[in-house]
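Inspection log for the structure reproduced underneath, given as structure tokens.
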Protein chains: 2
Amino acid sequence: MKRSSGPNLSIALIHYPVTNKNGAIIASAVTNLDLHDMARSAKTYGVRAFYAVTPLEDQKALARKLVAHWVTGGGARYNPKRREAMELVTVRDNLQQVIDEIEAVNGQRPKTVVTCARPRSGSVPYGDLRQMLKAGAPCLLLFGTAWGLAPDCMAQADIILDPVRGAGEYNHLSVRAATAIILDRLLGDFV
Amino acid sequence: MKRSSGPNLSIALIHYPVTNKNGAIIASAVTNLDLHDMARSAKTYGVRAFYAVTPLEDQKALARKLVAHWVTGGGARYNPKRREAMELVTVRDNLQQVIDEIEAVNGQRPKTVVTCARPRSGSVPYGDLRQMLKAGAPCLLLFGTAWGLAPDCMAQADIILDPVRGAGEYNHLSVRAATAIILDRLLGDFV
């Protein structure tokens with residue numbers, strides 16, 4: 001997972017704790033296309049690792065089966081480029097496990113970064129985080145499934161990024177689209 | 001479809017003519033999640049219309065059924081925000097029909113724009129197209145499904161955008177991710 005140079009960014013897709021439509025805390029189901037799309041975006045932008053986080057045993061097993069098909073199974077022969085992307089995916093129980101693992105590899109705790117759909121006080125412009133990444137700081141970008149990360153999980157993050165703004169008030173990007181846009185803003189044409 | 005101000009950008013997702021893994025020209029299948037993700041990105045960035053293009057009758061019927069569920073059916077009540085996005089989707093037979101329709105609405109033929117995964121001579125930086133959009137020119141951005149737009153379709157476009165560049169040589173974004181990134185580069189924080 002460790003590379004000698006370049007930005008040290010990992011991403012995590014959180015399936016628990018997230019909120020549902022009514023604001024209740026739930027564990028969401030792992031979605032095949034989230035793993036594929038986010039792995040392909042991660043590989044394109046030089047992300048070091050993509051953690052799929054869920055505490056549910058059956059969901060972990062499903063995610064690992066999906067990944068294994070593309071990394072060591074028939075999918076790896078069918079589409080070697082997809083293998084390269086899916087190799088980035090690691091399934092873990094919870095966020096703390098991910099943070100500990102990155103710290104063990106780097107000798108430094110990663111800064112956790114979240115994004116919010118609405119403006120918040122203290123949120124950070126993309127250019128600022130881009131500079132931190134250029135300086136080599138290990139960072140872990142968190143994405144929530146379902147209706148988004150649980151409030152406690154948001155509150156514990158080290159950095160809140162500014163919302164992605166489009167043309168107006170409507171902001172209901174899929175997690176796949178949001179990941180792609182945010183990686184492009186942080187790491188696009190990174191020289 | 002016409003709005004009085006703001007950039008005049010439409011997008012089209014082409015299911016024919018596209019290439020398969022071996023470079024043969026095929027008609028690809030309509031994918032539910034392409035329509036959802038691209039409609040949500042389009043709505044977020046103020047895109048005027050999202051055309052799903054396929055000549056196949058059963059695929060047109062499927063696409064229209066999917067859209068109707070979210071625009072007038074149970075989906076519209078379940079998630080009104082999704083309705084707002086899916087309202088942008090129009091199913092059409094072929095690219096010429098789309099171009100004619102945009103010309104009829106605007107009194108001006110739209111410039112057709114494609115992106116390529118590899119550098120090409122004469123390709124245009126994102127900032128240049130952003131300026132054209134600021135100036136009010138109607139543009140139609142084309143995205144290919146499967147292994148990408150057929151070479152003839154690429155060759156007939158008015159504008160070829162620079163490739164999206166990440167961290168290195170790997171560039172295998174999903175069409176959903178590529179759409180999101182390109183809309184952000186062209187229309188993000190558009191004031």
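Worth a mention:
- Subset of region A:33-59 that is among the aliphatic types (A, V, I, L, M) and crowded, with 20+ Cβ neighbours inside 10 Å - its residue that is farthest from residue A:187 (Cα to Cα): A:53
- Total residues in region B:36-55, condition under 18 Å from residue A:32 (Cβ atoms) and either out of contact with any helix residue (DSSP H, G or I) (no Cβ under 6 Å at 6 or more places or on another chain) or β-branched (Val, Ile, Thr) (or both): 1
- Residue count, region A:45-59 (criterion: outside any loop (DSSP other than H, G, I, E, B) and more than 14 Å from chain B (Cβ to nearest Cβ)): 6
- Counting only residues that are under 28 Å from residue A:147 (Cβ atoms) and either open to solvent by less than 60 Å² (accessible area, probe 1.4 Å) or assigned to a loop (DSSP other than H, G, I, E, B) (or both), region B:79-107 holds 8 of them.
- Hey, residue A:64 within 23 Å of residue A:46 (Cβ to Cβ), open to solvent by 70 Å² or more (accessible area, probe 1.4 Å), at pLDDT 95 or above and more than 16 Å from the chain's Cα centre (by Cα) or not: no
- Long-range neighbours under 6 Å by Cβ, at least six apart or interchain, first residue closer than 18 Å to residue B:6 by Cα within region A:155-167, second open to solvent by 20 Å² or more (accessible area, probe 1.4 Å) and modelled with pLDDT under 95: A:165/B:189; A:167/B:190
- Checking region A:11-26 against the condition returns a match, with at least one residue being within 14 Å of chain B (Cβ to nearest Cβ), open to solvent by 20 Å² or more (accessible area, probe 1.4 Å) and touching a residue at least 60 places away in the same chain (Cβ under 8 Å).
- Single condition residue B:6 does not satisfy, out of (1) at pLDDT 95 or above; (2) in a loop (DSSP other than H, G, I, E, B); (3) not basic (Lys, Arg): (1)
Here's the yes/no breakdown for (1) closer than 16 Å to residue B:183 by Cα; (2) buried (at least 20 other Cβ atoms within 10 Å of the Cβ); (3) at pLDDT 90 or above; (4) more than 10 Å from chain B (Cβ to nearest Cβ):
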site: A:151; (1), (2), (3), (4): no, no, yes, yes
site: A:164; (1), (2), (3), (4): yes, yes, yes, no
site: A:170; (1), (2), (3), (4): yes, no, yes, no
site: A:173; (1), (2), (3), (4): yes, yes, yes, no
site: A:190; (1), (2), (3), (4): no, no, no, no
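- Residue that is farthest from the chain's Cα centre (by Cα) [pool: residues in region A:111-134 that are of a type in the set (Val, Ile, Thr) and under 17 Å from residue B:188 (Cβ atoms)]: A:124
The values are calculated or read from the model by the stated rules, or taken from the named source; none is laboratory data. Just so it is clear, the structure is predicted and the values come from calculations on it, not from any experiment. Heads up, the Cβs are rebuilt from the backbone with ideal geometry, glycines too, and the neighbour counts pull from every protein chain shown. Accessible surface is based on the protein model in full, side chains and every heavy atom, while ligands, DNA and RNA are left aside. Shrake-Rupley method; radii C 1.70, N 1.55, O 1.52, S 1.80 Å.
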